[in-house]
Each structure stands twice: as C-alpha cells, then as structure tokens.
1. List the relative contact order of the chain as a percent without decimals, with contacts defined as Cα pairs under 8 Å and 6+ residues apart.
2. So for the pair residue 1, residue 110, with labels modelled 7 Å out along Cα→Cβ, what separation do we get in nm?
3. Round to the nearest 10 and give me the degree value, 0 to 90, for the angle of helix 106-118's Cα axis relative to the longest principal axis of the chain.
4. How much length is gained on full extension from residue 313 to residue 232, taking 0.36 nm per residue of separation minus their Cα-Cα distance?
5. Could you work out how far helix 319-343 tilts from the main Cα principal axis of the chain, as a 0 to 90 degree angle to the nearest 10?
6. So what's the back-of-envelope 222 nm ellipticity for the chain, counting only DSSP H runs of four-plus at -39500 (n - 2.57) apiece and dividing by all residues, rounded to 500?
7. Suppose the chain between residue 129 and residue 225 were pulled fully straight at 0.36 nm per residue; how much longer would it get relative to their current alpha carbon spacing?
8. For a label point 7 Å from the Cα of residue 274 along Cα→C-beta, name the residues of the range 331-348 whose backbone N is under 12 Å from it.
Ligand SMILES: Cc1cc2nc3c(=O)[nH]c(=O)nc-3n(C[C@H](O)[C@H](O)[C@H](O)COP(=O)(O)OP(=O)(O)OC[C@H]3O[C@@H](n4cnc5c(N)ncnc54)[C@H](O)[C@@H]3O)c2cc1C
C-alpha cells in the first residue's frame, strides 16, 4: 500500500521530464501566446515529440501506453506554467483519445490513434448554443442517406476547445430528436470534410492561447465507417459522452491543481524576495499563514485529483471522486490565484508577472466539463443514495 503522492520511479521520471519541458519550452511563450490568443505551432510539434499527445495510446499505435495518472501528472505540470497548454493536452488525452480507445472500432483505432499520438490534434464537440449543462438536449442532426448509407450532419457546435488546431473532431449529433438522449450518436469528422467549417473563434477572459470555436455543419456527409464504435453505437453515444466526461473531469481537476501550484510558487518566491518594513514579506506571520493555508488547500486538492485518477486506473468506480476533485480543485485554483495576485501587490495586477494571467485562467475551471453546480448535483445524488 502506498500513499497517493508517492510516485513510482517511472512516474517520478515522467513528472520531472514534463516539469523541465514546461519550464524550458513553454514558459518563454506564455505571455505572447496569451496576448496573441494563438497557440505556437512549434510547441504543438514538441508536445507530440515528447509523447504528451498520445499518453494512453498503446505502443503498437505509436503512443506512450501510459495511465490516466500519468496524463494527470502531465496536465498538472504543464498547467503550473500555462493552463492554456494544459487544456490542449488534457482534451487530447482524457477526452478524444480516451473515447476512441474505449469505444472506437479496431479500424478507427488503427486509422486515428497513430496520427493523433504523433502529429495531429483532436477536439471533442458536444456543447451547442442551447445545450450546455443540459448536454443531451443537443440539436445537431445526423440524417441517414439510405442510398449510400452515409450520415449527413446539419447544425452547429459551440465552445469547442482545440478547434483551430484540430484535424479530427468527435462530434455528437442526434439521429432522431424525438428519441431524446437515445438518438445521440458520435461521429468522427475530419477537418477537410466538405460541408464542415470552423466558425467564430471566441475572444476569452483566460486560457487565451487555447482555441475555442464554433463548428458549422451544412450537409456534411460522413461515411458510416465514421460512426464512433460502428452501427451498434448509433443512438447510444450518450454513454460515450457521460463516461468520457467523467474521466475528463479528473483532467480538469489536474489543470486547476497545476494552476494553483504554479500561482503558489510565484507567490512564495516573490514573498521571499520583496522587502517591506525592512524585511522580506515571507517573514511576516500574516503572509506565512496565507501561504501555509494556500499550500494546504493545494495538497488537499492534489489528494482528491490523484485519488480519482488512481481509482480510474484501478478499474474502480470513480464518478463521485472525480466530481469532488474537479469541484475542489477549481475552487482552490481560484482562491490561490486570487491570493497570489494580492501577495504581489500592485505588481500582481499587471501583465509583467505571471499571476495576473493565472487569475484570469482560473475562472474556467468552474465552468467547463460540467459547471460546479453540475458537479454538486452529481455528488449530491451519489452521497444521498449512500446515506
Ligand atoms: C473555454 C471553454 C471551452 C470549452 N470547451 C468545450 C469543448 O471542448 N467541448 C464541448 O463540448 N464543450 C466545451 N465547452 C462548453 C462547456 O462545457 C459549457 O460551457 C458548460 O458545460 C456550461 O454550459 P453553458 O455554457 O451552456 O451554461 P449553462 O448550462 O447555460 O449554465 C449557466 C449557469 O446555470 C447553471 N445551471 C444550469 N443548469 C442548472 C441546474 N439544473 N441547477 C442549477 N444551476 C444550473 C450553471 O451551473 C451555470 O452557472 C467549453 C466552454 C468554454 C467556456
């Protein structure tokens, strides 16, 4: 039996490799990528080269054959430097790859996994303008063309992370709105498919280097071979969405955990350097207590996130733990980033120091992959059933 934060030698090596990479290769790009709201193409290539875009993919398909826990370590370390890069890595590993690995047909795995692990980016498209928290009220329509067997997609998706960089999109649509959630089907749509277009790119408060776009489908014809999981999963992809998002939530917990740890590190280092009243800020007890409380909150979020990931890797139930991990990590991230801005004083309010950006980036943790209210609803249902 080992403690949650005791890492195996492989996990330690993996974490320190990602940490070094984030500090050397990502840190110099953070400010310009944020200002330009643009993801650096060279960095995308390096993420693939390091194996971070194919963590759970088996070696036979060119991946790293890693665990969800390793994906969590990667997202945490990257997000300590830039949560916008963290979410790109997170969506690829915990949503797109995880859905293909769990639900894809052998032919889909053979076609998609090698390219995603080594050179392309994926996106996961569930939300629409009128269906966010109520995701299964989606309207995007897939109509079967009986002559060819193809499906024809019409409609639009909103808020899709990685859309500007992605070559492969997992798109949820309904084959029959009258069937409610039992019409939901997931399609693999490639970027250059006729009838498919990337729409408006959102101008965001935080994680600005991560693209968030609308997707437009107008008579977009998709072969039946592109139904994720094959014909058996027509009308059953609500399971794909639910189960993938349950896992993805742990990844967002890791993103928020990393953000909090990064903000704390900046705050602590600044407090040790900055002098007022003749001594470093870190020598004032009021400052020490704030930093101690922040460190304690971060550690409790870490335990929740690591536990949820280890449960998932062990094949155990993790739904409640994943919801709790995301809920707490996103709250801790917001509080820590806010306090970090205060520790920096006026310097925390300007863009010359990284905490201003981390404060803006923290807000998204309570919104995507299920808002905090939705996490509370899941937790309430589960704990009350146990009571
Ligand atoms: C930057 C960004 C990236 C995103 N990336 C993706 C992506 O890659 N793929 C994807 O599919 N989606 C993505 N999303 C969409 C995201 O998952 C949704 O925004 C989120 O699920 C909330 O949906 P909504 O925005 O429609 O808010 P709404 O569902 O309209 O919620 C608005 C408010 O009402 C509350 N609320 C809703 N229902 C209830 C209820 N029953 N009881 C109490 N309160 C309730 C919510 O908690 C929230 O506070 C992204 C969003 C953003 C902003």
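1. Values: 748 pairs, mean separation 63.5, N = 387.
Across the chain, relative contact order equals 16 percent.
2. The modelled label-to-label distance comes out at 4.6 nm.
3. Computed tilt is about 30 degrees.
4. 26.5 nm
5. In the chain, helix 319-343 runs at an angle near 40 degrees to the longest axis.
6. Numbers: 12 runs with 184 residues, N = 387.
The helix contribution divided over the chain gives -15500 deg cm²/dmol.
7. Extra length from residue 129 to residue 225 when fully extended: 31.8 nm.
8. Residues 339-348 fall inside that zone.
Bear in mind these aren't lab numbers, they're just calculated from the coordinates by the rules spelled out. These figures come from a predicted structure and were not determined experimentally. Backbone-built Cβ (ideal geometry, glycine too); neighbour counts: all protein chains shown.
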